[in-house]
Amino acid sequence: MSVLSLHDIYLAHQRIQGLVRRTPLEHSPALTRQVGVPVYLKLESQQLTGSFKLRGASNAIACLSDEQRALGVVTASTGNHGRALAYAASQRGVPATVYLSDLVPANKVQAIRDLGAEVCIVGHSQDDAQHAALRHAQEQGATLVPPFDHPDVIAGQGTLGLEILEQLPEVTQVLVPLSGGGLFAGVALAVKSINPAITTHGISMHRGAAMHASLQAGHPVEVQELPTLADSLGGGIGLDNRHTFALTQRLLDQVHLLDEAAIANGLRHAYQQERLVLEGAAAVGIAALLEGRVSARGPIVVVVSGRNVDTAQHLRVINGAAA
């Protein structure tokens, strides 16, 4: 059971001030009309590296000792965490190595290289990349900074929840993309610690939703990682998961799985109605509202997690293709 607390999130909030953006919370007239109650979008897509991941990565880097900084950091990623860690490490002069599977889109791979990190492509799944990163840490002495199952990372992501409550204290429901659980656990811990009446929704895809399968089984399980528009939500949660599974199990009120057509519809709505270019994982909350999955009780906040989408894929979806 994780011992992470609201106090840890407040400490993270202090550490990363000036290192990350306080992102906008914008009212969505289109979604408000659709649902019948006020809907707001928390635009982490406007974060410095294009996703919420910079919060957790910045806090993790800030917590390193001088010796750990000298030896560098290593991680595995579906793209956004690797980019965030590379950026946060470069700001502090810390060497960074990022392991990626061959499922990670080329635009995300190049963005990590552009930030000066060493990039290693291994295997066909996030689990393969995680195993390689762990070996690297053991052999090279680098500090492993996992993409989600780490107290410093979770606390950093939780600062997003604090911002939501500062910007909209009367929020009643929060919709959060659900994958490894770092974002969900952090946000849910923050908002429910302050207001337990807030309903938390975890949104994922049908194709390889590892956290959902693990929650159903009652313990972490492996799932096959499949191509999906929500590629950032892919990968396992780790069979030795120490934090995010227990936190998600405790703090999750409702979970919703979406098919690829629904995710595509969310992307199109974001572009056409909200003027937002998003990646598939960031559009799942919007898609869940369009699908009628959430009760009309507001105000509702949708966490829009990132914008780092492959341009060609985005154009295909916007023009009517499913993938």
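For Ala197, which of the numbered conditions (1) assigned to a loop (DSSP other than H, G, I, E, B); (2) modelled with pLDDT of 90 or more; (3) aliphatic (A, V, I, L, M); (4) within 20 Å of His131 (Cβ to Cβ) fails to hold?
Against the list (1) assigned to a loop (DSSP other than H, G, I, E, B); (2) modelled with pLDDT of 90 or more; (3) aliphatic (A, V, I, L, M); (4) within 20 Å of His131 (Cβ to Cβ), Ala197 comes up short only on (4).
Can you pull out the residues in the stretch 271-316 that are under 23 Å from Ser77 (Cβ atoms) and over 18 Å from the mean Cα position of the chain (by Cα)?
Thr311, Ala312, Gln313, His314 - these are the residues of the stretch 271-316 that are under 23 Å from Ser77 (Cβ atoms) and over 18 Å from the mean Cα position of the chain (by Cα).
Return the pairs, sorted by first residue and then second, in which the second residue is β-branched (Val, Ile, Thr) and in a helix (DSSP H, G or I), the first residue lies in the stretch 114-142 and is assigned by the TED database to the domain that holds Val94, the beta carbons are less than 7 Å apart, and the residues are 6+ apart or on different chains.
Between residues of the stretch 114-142 that are assigned by the TED database to the domain that holds Val94 and residues that are β-branched (Val, Ile, Thr) and in a helix (DSSP H, G or I), the close pairs are Val119/Val109; Val119/Ile112.
Here is a yes/no grid of residues against (1) open to solvent by 30 Å² or more (accessible area, probe 1.4 Å); (2) acidic (Asp, Glu); (3) touching a helix residue (DSSP H, G or I) at 6+ places or on another chain (Cβ under 8 Å):
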residue	(1), (2), (3)
Gln140	yes, no, yes
Leu168	no, no, no
Pro177	no, no, yes
Ala188	no, no, yes
Lys192	yes, no, yes
Thr199	no, no, no
Arg207	yes, no, yes
Glu222	yes, yes, yes
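How about the stretch 240-312: which helices (runs of 4 or more DSSP H) wholly inside it have at least 1 residues that are open to solvent by 10 Å² or more (accessible area, probe 1.4 Å) and farther than 23 Å from Arg33 by Cα?
Because the criterion is at least 1 residues that are open to solvent by 10 Å² or more (accessible area, probe 1.4 Å) and farther than 23 Å from Arg33 by Cα, the helices (runs of 4 or more DSSP H) in the stretch 240-312 that meet it are 244-251, 260-272.
Would you check if there is a residue in the stretch 147-161 being among the polar types (S, T, N, Q) and out of contact with any Lys or Arg (no Cβ under 7 Å at 6 or more places or on another chain)?
No: the stretch 147-161 contains no residue that is among the polar types (S, T, N, Q) and out of contact with any Lys or Arg (no Cβ under 7 Å at 6 or more places or on another chain).
The values are calculated or read from the model by the stated rules, or taken from the named source; none is laboratory data. Keep in mind that this is a model prediction, so the values were computed, not measured. Note that we place each Cβ from the backbone using ideal geometry, even for glycine, and neighbour counts take in every protein chain shown. Note: areas computed on protein heavy atoms with side chains; ligands, DNA, RNA excluded. Shrake-Rupley method; radii C 1.70, N 1.55, O 1.52, S 1.80 Å.
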